[in-house]
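Here's the structure we're looking at; comments come further down.
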Amino acid sequence: MNLIFIFSLPRSGSTILEKILSNHSDITSNGETWILFNFIQNEDLKQYSNFSHKSLRKANEINLNNAKKSKKYYSDLNFFLTNIYQQISENKSADYFLDKTPRYYYIIDEIAQVFPESKFIFLTRNPINVLISSLQVWGKGGYSKFYSYSNDYNYGPKMLAHAIKKYGKNTVTISYSDLTNDPEESLRRIMLYLGLNFDKNILNIAGQKPNSSFGDPNSKNGFLNIQKIDEEQKINDCINNSFRKKQLLKYAQYISNETYSALGYEKANIVSYIKNTSPKFNLIQNIIDFFHYYLGKLIGVFHLNLIFKEKEKHYLN
């Protein structure tokens, strides 16, 4: 079984794309598996646990350093993980298994090393719209709990852009706008890349459920659909007060020209569009956004989110 990876930031359309592709008879998928994080680590990946994750990474470096010098290490890991994908696959006769875990942007280099023959599909979206969608879905329309996904917009765009530049020659890159506005052309490109026949019927996902409980929370009730999206209007709708305009402009300026370019966007155009928006004065919304934004900053800096972790119960036999 061959592997396909969709690399994207969260809130970029990967649930829709994965569902479309898994409708093809030669592709099977369990949605977001998160499996590889159990076996592939790097220094960029930091996890909260009941023990020191830093010590775990250090121990792995010491004990696996010599093993990684041998090509057999990666081929053995490939064999082991491919078998796991095979075991969890619902359609074991399919040519491809597709994994679309968005946070794999942390370990794209490692995935490329373990699975050199796998297929990479990069799905991009304007980072401003990724953040706005996150605020709408996870922040209840504002900055509530934005600390919990801050890495997605602080580091995610740069990591994804780096991988596109590094591996883009032998991969395929699709934008969220292309997927939603011209899905047929996007899928034709992907099918050509995968060496599969294009079947227009795979685009019929209306009312279908996602392939896992992870992914777009708006689609968990089975309301998947392809809708044309006006990304600029999304920005305009989000900027409903001066504080939000200031923060989105600051974020747009924070992202480098190089990153924007690799993702397929022009920084100057995005910055200019935000500058030209004219939000109405909204004192109450300003105060709410100000409070949640800086509370999130405080929680993120001091890792206070650990306090809000769900309490775990431990049982002794």
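Here are the numbers for the structure shown:
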{"quantity": "Scope the stretch 277-296; condition in a helix (DSSP H, G or I) and either under 13 Å from Ser148 (Cβ atoms) or in contact with a Lys or Arg (Cβ under 6 Å, 6 or more places away or on another chain) (or both); matching residues", "calculated": "Asp289, His292, Leu295, Gly296"}
{"quantity": "Condition met for Phe97 (surrounded by 19 or more Cβ atoms within 10 Å (Cβ to Cβ), of a type outside the set (Ser, Thr, Tyr) and within 29 Å of Glu266 (Cα to Cα))", "calculated": "no"}
{"quantity": "Whichever residue in the stretch 30-46 is within 16 Å of the chain's Cα centre (by Cα) and modelled with pLDDT of 85 or more and, among such residues, is farthest from Arg103 (Cα to Cα)", "calculated": "Asn30"}
{"quantity": "Scope the stretch 209-245; condition modelled with pLDDT of 75 or more and part of a loop (DSSP other than H, G, I, E, B); matching residues", "calculated": "Ile226, Gln227, Lys228, Ile229, Asp230, Ile239, Asn240, Asn241"}
{"quantity": "Qualifying residues in the stretch 165-198 (those that are touching a residue at least 60 places away in the same chain (Cβ under 8 Å) and in contact with a Ser or Thr (Cβ under 6 Å, 6 or more places away or on another chain)) - the one surrounded by the most Cβ atoms within 10 Å (Cβ to Cβ)", "calculated": "Tyr176"}
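The values are calculated or read from the model by the stated rules, or taken from the named source; none is laboratory data. Keep in mind it's a predicted model, so treat the numbers as computed, not measured. All Cβ positions, glycine included, derive from the backbone under ideal geometry; neighbour counts span all protein chains shown.
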